[in-house]
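Scroll down for the structure; my scribbles are underneath it.
The values are calculated or read from the model by the stated rules, or taken from the named source; none is laboratory data. Only a predicted model underlies this, so the values are computations on that prediction, with no experimental measurement involved. Because the Cβ atoms are built from the backbone with ideal geometry, glycine has one as well, and the counts that use them run over all protein chains shown.
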Ligand SMILES: NC(=O)c1ccc[n+]([C@@H]2O[C@H](COP(=O)([O-])OP(=O)(O)OC[C@H]3O[C@@H](n4cnc5c(N)ncnc54)[C@H](OP(=O)(O)O)[C@@H]3O)[C@@H](O)[C@H]2O)c1
């Protein structure tokens, strides 16, 4: 069982990544592929060419074109990028999160079969023989079902089909604690909405830190317009000659949060990736942290 002290918050020599408790290098900025539809392949290839080394997708045709992600990855691999340099993460989405007319597995099968079928579809779509991360897209209302799906994910881990497991959209700490208590293979990552309504998942993030789980954020920019417009952040952005979005991403990556960004703009991709060119001081981080505490 990997131990939490294996988590290297510094990411070894490369500040752009965090080494997980399972020894997997996870970029601190992960390219998110939702809602790109037929543009997915071209945009994923563009993101990889700009320097992204991690992609997040889901076997959920309602919001993600996972096959397009595979096409984009294949195009980048065809021109020199190695699969081993790339962190590929997808999700098993429970039936409640799927379009009932376009479910990528047999919804009448047992939960374990659904997980297996979804995983096999992901491998085909992504044109790979292993995943770096497989997340359960959301817990089930009943913890018993969550554990059944998790057991199926554990057996994929055992067989070497996936290097680490994770959970998304889990906003209740007791549920996460329960999964961690019962899981044989512990979650390596939690992917959640990062916003004021959940107090920025303060307790969940503290638990993740203690347990060696990497916290991944989404809605990071879109759900935080007040933070991005705050005078303290604008002032700091001016000092560094960066945009408010860059400052916020930099701050969060320094807190060891792996941020999802799904920008379609080449300029924003470059700006996002260039945040590792500078580093905020502890006092500056503290002043940005105070902004989150003040948020409504
Ligand atoms: N687990 C889940 O349930 C879940 C739910 C939602 C999302 N996700 C994941 O998270 C990814 C990101 O989604 P998101 O909801 O956080 O939002 P997003 O799709 O990344 O959208 C960010 C928005 O901010 C704008 N933006 C402005 N400046 C930017 C900058 N410097 N860098 C990046 N964007 C900038 C973008 O516009 P431009 O395109 O013009 O830059 C875009 O409209 C998704 O693709 C998906 O992989 C997961």
For residue 108, work out the one condition from (1) out of contact with any helix residue (DSSP H, G or I) (no Cβ under 7 Å at 6 or more places or on another chain); (2) under 19 Å from residue 218 (Cα atoms) it doesn't fulfil. (2)
Residue 278 vs (1) touching a helix residue (DSSP H, G or I) at 6+ places or on another chain (Cβ under 6 Å); (2) at pLDDT below 95; (3) surrounded by fewer than 18 Cβ atoms within 10 Å (Cβ to Cβ): all pass except (2)
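Those residues that are touching a residue at least 12 places away in the same chain (Cβ under 8 Å) and over 17 Å from residue 33 (Cα atoms), I need them from the stretch 81-95; list them, please. I'd like the intermediate steps shown before the answer.
Let us first name the residues in the stretch 81-95 that are touching a residue at least 12 places away in the same chain (Cβ under 8 Å), namely 81, 83, 85-95.
Selection gives 81, 83, 85, 94, 95.
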Counting only residues that are under 17 Å from residue 128 (Cα atoms), out of contact with any helix residue (DSSP H, G or I) (no Cβ under 7 Å at 6 or more places or on another chain) and within 12 Å of the ligand (Cβ to nearest atom), the stretch 22-57 contains a total of 2
Considering each of 223, 245 in turn, give the residue that is part of a helix (DSSP H, G or I), within 13 Å of the ligand (Cβ to nearest atom) and surrounded by 15 or more Cβ atoms within 10 Å (Cβ to Cβ). 245
